[in-house]
Amino acid sequence: MGRFLSLLLGVAVLAYIAYWTVNHLAGSVQTDPQGSSQPKAILDRTRDRAREIEKDAARRAEENLRRSEDSR
């Protein structure tokens, strides 16, 4: 019975640590200046970052295309 309770307590502690880690990741606990909910703010930041990545990828592709045309 003691081993079972120890195991149960250990699983509960691990579950709490996992829950806390998921909900308190670095950067996810930021106040949104527009006052929207936290999940919406996270989604908006993710969309903005995705747009930046896409623009950067397009810019690099154009540079590579220009370099390959110049080398001909």
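The values are calculated or read from the model by the stated rules, or taken from the named source; none is laboratory data. Treat the numbers as computed from the prediction; the structure is a model and nothing was measured. We place every Cβ from the backbone using ideal geometry, glycine too, and count neighbours over all the protein chains shown.
Residue pairs whose Cβ atoms lie under 7 Å apart, sitting 6 or more positions apart in sequence or on different chains, and linking a residue in the range 41-52 that is among the aliphatic types (A, V, I, L, M) to a partner that is surrounded by 12 or more Cβ atoms within 10 Å (Cβ to Cβ) and not in a helix (DSSP H, G or I), are ALA41/ASP32; ILE42/SER28.
Across the range 42-54, not a single residue is classified as assigned to a helix (DSSP H, G or I), loosely packed, with under 10 Cβ neighbours inside 10 Å and at pLDDT below 90. Just to be sure before I move on: is ILE17 modelled with pLDDT of 90 or more and surrounded by 10 or more Cβ atoms within 10 Å (Cβ to Cβ) in the structure I sent? Spelling it out, ILE17 is indeed modelled with pLDDT of 90 or more and surrounded by 10 or more Cβ atoms within 10 Å (Cβ to Cβ). Put simply, of GLY35, GLY10 the only residue that is on the phi > 0 side of the Ramachandran plot and at pLDDT below 95 is GLY35.
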